[in-house]
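> Handing you a structure now.
Readers should treat all values here as calculations from the given coordinates under stated rules, not as data from a laboratory. What you see is a predicted model; the values in this text were computed from it and never measured. Here Cβ is always computed from backbone atoms with ideal geometry, including for glycine, and neighbour counts include all displayed protein chains.
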Amino acid sequence: MPTERPPFYFLDNSVNVLLVDDDPGVRALIVDVLKPVRLYSVRTATCTTDADEILRPPDRTHLCILDLGLTDLQNDEFHLLRHHAARVSFVVFTGSTSPAKGYSAKELGAKDIIEKSPEFDRIGFLKKVDRQALLNIINPRYRMVKDTLTLSTEVLFEKSPKYVSQWAIQMGITDRELRHIWRKNLGANAKIILSIHQIFSAALSYYEKVAAAGPGRQVRIHNPQVYRRLEEYYHIHRSTISDFIAYGNIAAFLQNT
């Protein structure tokens, strides 16, 4: 008798995450937090030099969780941000309480700063990581430039439209103009982008519930009919979606920035 597949099995290991921290205890903690999310393929590095090699193109890393204070490469704790923030979403997870360091990290492209604390909120941390990972999947240039692509990304995440036409109305533009924004900037189909957002949002929400429930607790899909529709759409457009997740349809951009 065949084994029943887990929900969102088709997205397993599709999102690449790099954790950079020289503290084995912190690495073990974060890996454990991310473990319930089957979407994530997690790699770890203990120094900037190793992380720099992993982050180099053509392989795409969607999210890097970075500890500040690692200065083994050019004596620069911001080296990874300087060289890779244009295509990788960075979440800085640090014990430093220096406002200046936090400001510098943000200026160099860090998407979020989370302070290490004894009162570590596992689910809160996971939700922040999930959001930044999904933002990178959809638009790796998010917030690097304040343009129509950034605006349309913000509307997509804030409003969660069901259709491209609804998305365009929420932006105050036409369908054609919206499709042109994504095609011109990322070579992407707006309908595919919308569907990727819907599929991954549903998957990440499900895994956040799994993490909150704890080990061994079963979590059911809230709306099986919607899940089946998302699963079917993914399989119909598997090649296009997989390519976009892996390369962002911007292979040249990933290689040249």
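> List the relative contact order of the range 163-204 as a percent without decimals, with contacts defined as Cα pairs under 8 Å and 6+ residues apart.
About 31 percent, as a whole number.
> Over the range 11-124, what is the mean sequence separation of C-alpha contacts under 8 Å (at least six apart), divided by residue count, expressed as relative contact order in percent?
23
> For the range 9-138, what is the Kirkwood hydrodynamic radius in Å, using each pair of distinct C-alpha atoms?
Evaluated on the range 9-138, it is 14.7 Å.
> Evaluate the distance, in nm, between pseudo-label points positioned 7 Å from the Cα of K128 and of A28 along their respective Cα→Cβ axes.
Using points 7 Å along Cα→Cβ, the separation is 2.3 nm.
> Could you tell me which residue out of T71, P57, H83 lies farthest along the dipole of the range 20-95 toward its positive end? Charges go on the beta carbon: Lys and Arg +1, Asp and Glu -1, centred on the Cα centre.
P57
> Would you mind putting 82-91, 235-244 in packing order, based on average other-beta-carbon counts within 10 Å, highest first?
82-91, 235-244
> Using mean Cβ contacts within 10 Å as the protection proxy, how do 155-164, 44-53 order, highest first?
Order by mean packing, descending: 44-53, 155-164.
> To continue, here is another question. Size of the chain along its principal axes in angstrom, Cα-based, largest extent first?
Principal extents (Cα only, largest first): 49, 47, 30 Å.
> Separate question: As a check on your grasp of the helix formula, calculate [θ] at 222 nm for the chain: sum -39500 (n - 2.57) over DSSP H runs of n ≥ 4, divide by the residue count, round to the nearest 500.
The helix contribution divided over the chain gives -16000 deg cm²/dmol.
> Also, I was wondering about something else. When the chain is fully extended, how far beyond the present Cα-Cα distance does Q225 get from D121, taking 0.36 nm per residue of separation?
34.2 nm
> Another question about this same structure. Compute the relative contact order of the range 148-256 as a whole-number percentage, counting only Cα pairs closer than 8 Å that sit 6 or more residues apart in sequence.
The normalised contact order for the range 148-256 reaches 20 percent.
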